[in-house]
Amino acid sequence: MIDLYTWSTPNGRKVSIMLEECALPYVAHPIDIGKGDQFKPEFVAINPNSKIPAIVDQQGPEGKPFALFESGAILMYLAWKTGRLFPTLVTQQFETIQWLMFQMGNVGPFFGQVHHFLRSAPEPVPYAIERYTKETRRLYGVMDRHLQKNEYLTHDYSIADIATYPWVARYDWHKVDLNDFPAVKRWFDHIGARPAVQAGMKVPQTQR
């Protein structure tokens, strides 16, 4: 059994999608980041960085509970644990890691900044809005050109796609029309039709 500590954010949804795809038994524990649950001592003991998501695998690699934070690391761990959604060829492994790092280092941070300055900033900051909106569209362009030649971000559906999908799912938050990026839209619609993706996007249940 895996304990998932999460909230309804793109990073949280990455892990619940992966758990659903791998058919691993898990219990979702809502960590309401709006109320500051992430700073409670019991959660900080699991993730000293006070961010969701985090997991505790009650049957860890050494037969004892294993706690892990950082969504990208969790995806890699679950892929290792199950042997799913990660290729076996070394070149394909590194291509998958490459696109996973693209999400972790580019898509997540820049899309997140757009979300903040368009939705949460106490007052408009035109320079920040222009800077992060422009970079967000550039990143969509990178994905679109790649997906014009590839069905998925790597050779097959993988943790790289799972990591990126929940961020693209908030395209309306960063004022992007997916019709401007038809290859991304095709990819997005295709992945969004997967039952495990649909189920994972609804976790935690309290957020329905």
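The values are calculated or read from the model by the stated rules, or taken from the named source; none is laboratory data. Values in this document were obtained by computation on a predicted structure and should not be read as measured data. Here the Cβ is made from the backbone with ideal geometry for all residues, glycine too, and neighbour counts use every protein chain on show.
A few comments on the model shown:
- Residue that is farthest from Ala23 (Cα to Cα), among those in the stretch 42-77 that are touching a Phe, Trp or Tyr at 6+ places or on another chain (Cβ under 9 Å) and part of a helix (DSSP H, G or I): Phe43
- Being within 20 Å of Gly192 (Cβ to Cβ) and at pLDDT below 95 holds for only one residue in His174, His146, and it is His174.
- All positions within the stretch 83-101 that are hydrophobic (A, V, I, L, M, F, W, C), surrounded by 15 or more Cβ atoms within 10 Å (Cβ to Cβ) and touching a His at 6+ places or on another chain (Cβ under 9 Å): Trp99
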